[in-house]
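For reference, the structure is listed below as C-alpha cells.
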Amino acid sequence: MLIIDSEHSFTYNRKMKNKNTTEESREKIAIFYKKNKRMPTYSEIMKIFGWESKNSAFKLIQKLIAEKILDQDEKGHLLPNKLFGEIPVLGLVEAGFPTTAEEDHSDTMSLDEYLIEKKEASFILEVKGDSMIEEGIKEGDLVIVERQNDAKDGEIVIAEVDGGWTMKYLRKEGDKVWLEPANRNYKPIYPENELRIAAVVKGVVRKY
C-alpha cells in the first residue's frame, strides 16, 4: 500500500512539475513579448532560459506549439496563439482630417476570438477625431481592422489619400472613388493623386 501511494505521489508530483515548467516558460516568453512587442528568436529563447543548446530551445517551442500556446507562420516565425489571445495595436488613425502616420507597435490587446475572423490579418487602431461620430465611432474607440487592398462601396476603410491616413466610408460611383465622413461638419475627400485602401473596419471596441 505504501509503495502504491509512493508511486501515485511520484506521478502526481511529476505532472505538477511539468505543468509549472510550461507555465513558467509561457510567462517568461510573455514577458519578453510584452516588453519587445514581438516574439523572441530561438537564440533569444536560449538567452532567456540560460541554455547553451539550440536543441533545448527547439524542443520547448515544439512543446508550446503542441499545447497551442505558440504558433508559427509560413516562414517559421513564432506567433502568440490562443492562450496569449493578442493582436498588435499599431497606433492612431485620424478620424478628422488625414494626417501622415507611421506604423507604431505600441501595445497589445486581448480580445475574444469571435470578434476576429482572420487573426493573422487583423490589428487594432485607436480612433483620433470625430469624423465618424454619426456611425457611433468616437474618439478614443478601438477599431478592429482587417488588412485588404480593396473594399465595397459603403464599407468603412483605413485608407491613405494623397499621403495622409484616415478612416472613412468608401464611396464608389462609376469610375469615381472618394471617402465620406460620418459627420456633417466634414466634407467628402476626393483624392487629387492617389487613394489606397489598407484595411476594412470589422468592429469597434469601447471601454466605459
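The values are calculated or read from the model by the stated rules, or taken from the named source; none is laboratory data. What you see is a predicted model; the values in this text were computed from it and never measured. No Cβ is skipped: glycine too gets one built from the backbone with ideal geometry, and neighbour counts run over all protein chains shown.
Looking across the range 137-191, the residues that are among the small types (Gly, Ala, Ser), under 18 Å from Gly91 (Cα atoms) and assigned to a loop (DSSP other than H, G, I, E, B) come down to Gly140, Gly163. When the range 151-165 is examined, which residues are found to be at pLDDT 95 or above and among the β-branched types (Val, Ile, Thr)? If the condition is that a residue be at pLDDT 95 or above and among the β-branched types (Val, Ile, Thr), then Ile156, Val157, Ile158 are the ones that fit. Being closer than 23 Å to Val177 by Cα and among the acidic types (Asp, Glu) is true of Glu135. Within the range 70-129, restricting attention to residues that are modelled with pLDDT under 55 and among the hydroxyl-bearing types (Ser, Thr, Tyr), the residue that is surrounded by the most Cβ atoms within 10 Å (Cβ to Cβ) is Ser106.
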